[in-house]
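Colleague: My questions will all concern the structure given below.
What follows draws every value from the coordinates through simple rules; no lab data is involved. Since the model is a prediction, treat every value here as computed from it, not as a measurement. FYI the Cβ positions are ideal-geometry reconstructions off the backbone, even for glycines, and counts take in every protein chain you see.
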Amino acid sequence: MILNLRNELQQLLPKAKEVYIATALVKHSGFRFIEDKIPEGCHREYVVGIHLPTDPQVLQELMTLSQKGYLKARIYNSKKTYHPKVYILRVDDKLSAFIGSANTTDGGLSNNVEMSTRIDDQNQCNQLLDWFHAIYSEASNIEPEFLNKYTKFYNRNRKRNSGYRSDWNTLFKKDKNFNLQSFKDTHQFFKCQHFEAYQKAFWNNYGDQANERRRMVKARFLQLHRAIENRFVEFGLIELHKHYHTQNIVSSHVYRKNFTSKNLASMWLHYGFSEAELDGVSFLNRPRIQVILRPDHVGIWLVVGKDKGGGKQERKRFKELMTDSKAFRNLFYLHLKELDSYWIQPSSPVKEEKTVNIIDIKSASHLHSITQKDTLKDYFIIGREYRPDDKSISEKYIAEEILTQFSKLYPLFLALKGDA
C-alpha cells in the first residue's frame, strides 16, 4: 500500500528507460515533477484525460514536445469518462507499475489522501503495458484547433467552478478559533507548549520564563531545519539558502526591553539569498520562503520584504514586469494557480482587499490588478496556513510537506528574485 506516490516515483524516475502514464488529470506541477526527474533519452508516452479537466497549458506543452519528437502524447477524447491512474516504468530492463487513485498533480502524488499499489510481477506489468498501448491507439493527437476550443471551455468552466469551490471550502472550513486546551499533540511536530509560547500574554513579556518558552520553540525549529536542509537538492531548491549567520537561521526568541519594536507574536525558519547575493543588504529585505509559527497556526510563506517598506527593489521590479511583460505575467499566473490552498497578500491600502484566495483569481489580468495595489509598505506574502492538529505537519509528515510546498513556491521565488 502506497500513500505517497511521489516518494516512490522519485526513486525510480531518474533510472527509467521508459515511462508510460495514463491519468485522468494532469497539472503543470505534476507534469514538471515527472519530466524533471527522468534522465536524458528516456522514452515516455502519455495518455491524458480532459474531463476533470486537465490544464490547457499542460496540453500545449505536451503537444509541442510531441511535435518535436521528445515524447508521445495523446488525449482520451471520448464520451466515456476517462478515469485511470496508471504509471508504468522500465528500469534495468524490468517493468514496475503503480495503479490507484493518484492523478498527476501535486495533490494526487503527495498531498491528498490517496492510495496506490505497486506491481512488479512481469506478467501483470506486461498486461498493463498492453492495456496502455490499446488505450493509446484509441486516443487522439493533440491538435491546435482542438486546443483553442478546449481552452475556451476550460476558462468558462474554471469561472463557474470557482464559486462552487469557495462554497465548498466554506462548508468544510474549520473553526479558526482553535482551542489549544483540547489540542491532542501526541503525534504533532509542534506541541501545545510551542503555541502557548506565542499567546498574546507573552507578546511583550521580556522575563526569563517567557524567553525560555520561546527558546524551546527555536530549538524545535532548528531540529526541523536539520531535517529538511540536506534534502533541498532532491527537491530542486538549488538557490535557496539558510541565513549566513547561524544565530539567525531561526528568528530571535528574545524580547529585549526598549529594543524590540513590536509584539513578538511569531517565530520563523527562513531561506533566501546567499550572503554573496545579498551584497550587504539585509536578509529580511530580500525574497525568502519560510515556515512560521503563530498563536493558532503554522504557515508556509513566500515573503518579499518586511513592514516599514522592506524589499522595495524586488517589489517595484515585480510590479513593472507584471505590467510590461505579458509573458512574465502569464508565467507567474501559471505557477500561482497551482497553489489552490494559498492566498496572496499584497500591501493594499484597503483592509478588505488585503488577502485574496488564489482559487478566486480568475486570470493573469486579474492577478495583475491585485499586485498593482501593493503600496510597498507592509509585507508582500503568498502563503497558506495549517491548524496545529493538521496531520500534514505531524512528526511523520512535516518534513515532506514543507519540502513539497517549498518546491511549489520556488518558481515564484526565482521570479521575484529575478532569475525567471
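Colleague: About the Cα centre of region 24-107, how large is the charge dipole given +1 on each Lys and Arg Cβ and -1 on each Asp and Glu Cβ? Please answer in debye to the nearest 20.
Modeller: Dipole of region 24-107, to the nearest 20 debye: 360 debye.
Colleague: Continuing with the same structure: Can you spot the lysines whose alpha carbon is less than 20 Å from K312's alpha carbon? Ignore those fewer than 8 places along the same chain.
Modeller: K354, K373, K377, K417
Colleague: Then there is this: Is there a pair in K85/K408; K80/K396; K37/K316; K27/K396; K79/K337; K15/K218 whose C-alpha atoms are over 30 Å apart, and which pairs would that be?
Modeller: K80/K396; K37/K316; K15/K218
Colleague: Quote to one decimal, in nm, the extra length available between W131 and Q60 on full extension: 0.36 nm per residue of separation minus the C-alpha distance between them.
Modeller: Residue separation times 0.36 nm, minus the Cα-Cα distance, leaves 23.0 nm.
Colleague: Run through all the Cα pairs of the chain and give the fraction in each 10 Å bin from 0, expressed as whole percent.
Modeller: Histogram of Cα-Cα distances, whole percents per bin: 4, 19, 29, 26, 15, 6, 1, 0.
Colleague: With both bridge residues required to lie in the chain, what share of the DSSP beta bridges run antiparallel, to the nearest 5%?
Modeller: Beta bridges within the chain, antiparallel portion: roughly 80 percent.
Colleague: Could you calculate the contour length gain from Q199 to F178, that is, 0.36 nm times the residue separation minus the distance between their Cα atoms, to one decimal place in nm?
Modeller: 6.4 nm
Colleague: Provide the FRET efficiency to the nearest 0.05 for the S369-N123 pair, computing r from the beta carbons and using R0 = 56 Å. Don't skip to the end; give the middle numbers.
Modeller: Numbers: r = 57 Å, r/R0 = 1.02.
Approximately 0.45, to the nearest 0.05.
Colleague: Rounded to the nearest 500, what is the chain's calculated 222 nm mean residue ellipticity when only DSSP H runs of at least 4 contribute -39500 (n - 2.57) each, over all residues?
Modeller: -12000 deg cm²/dmol, from helical runs alone.
Colleague: Which order do the peptides 185-192, 5-12 take when ranked by the mean count of other beta-carbon atoms within 10 Å per residue, highest first?
Modeller: 5-12, 185-192
Colleague: Then there's this: Let me know the charge dipole size of the chain about its Cα centre in debye, to the nearest 20, where only the beta-carbon of Lys, Arg (+1) and Asp, Glu (-1) is charged.
Modeller: 1400
Colleague: Calculate the FRET efficiency for K354 and M115 from the Cβ-Cβ distance with a Förster distance of 41 Å, rounded to the nearest 0.05.
Modeller: With R0 = 41 Å, the Cβ-Cβ based efficiency is 0.60.
Colleague: In straight Cα distance, which aspartates and glutamates are under 13 Å from K242, not counting same-chain residues fewer than 8 positions off?
Modeller: E229, E275, E277
Colleague: Follow-up question, since we're still on this one. Per-residue counts of other Cβ atoms within 10 Å, averaged by peptide: what ranking do you get for 35-43, 247-255, highest first?
Modeller: Descending packing order for the listed peptides: 247-255, 35-43.
Colleague: Also: For region 180-417, take the alpha-carbon Rg, divide it by the Kirkwood Rh, and send me Rg/Rh.
Modeller: For region 180-417, the value is 0.96.
Colleague: At 7 Å along Cα-to-Cβ for each site, give me the label-to-label distance between L414 and D279 in nm.
Modeller: Between L414 and D279, the label points sit 2.1 nm apart.
Colleague: Pick out, from S101, Q57, G280, the residue whose Cα sits farthest towards the positive end of the charge dipole of the chain, with +1 on the Cβ of Lys and Arg and -1 on the Cβ of Asp and Glu.
Modeller: Of the options given, the answer is G280.
Colleague: Another question, then. By how many degrees, 0 to 90 and rounded to 10, does the Cα axis of helix 312-324 deviate from the longest principal axis of the chain?
Modeller: Computed tilt is about 30 degrees.
Colleague: Mean separation of Cα pairs under 8 Å and 6+ residues apart, divided by the residue count of region 20-70: what relative contact order is that in percent?
Modeller: 51
Colleague: Using only alpha carbons, build the gyration tensor for region 5-169 and give me the equivalent ellipsoid semi-axes, biggest first, whole Å.
Modeller: Taking √(5λ) for each Cα gyration eigenvalue gives 26, 19, 15 Å.
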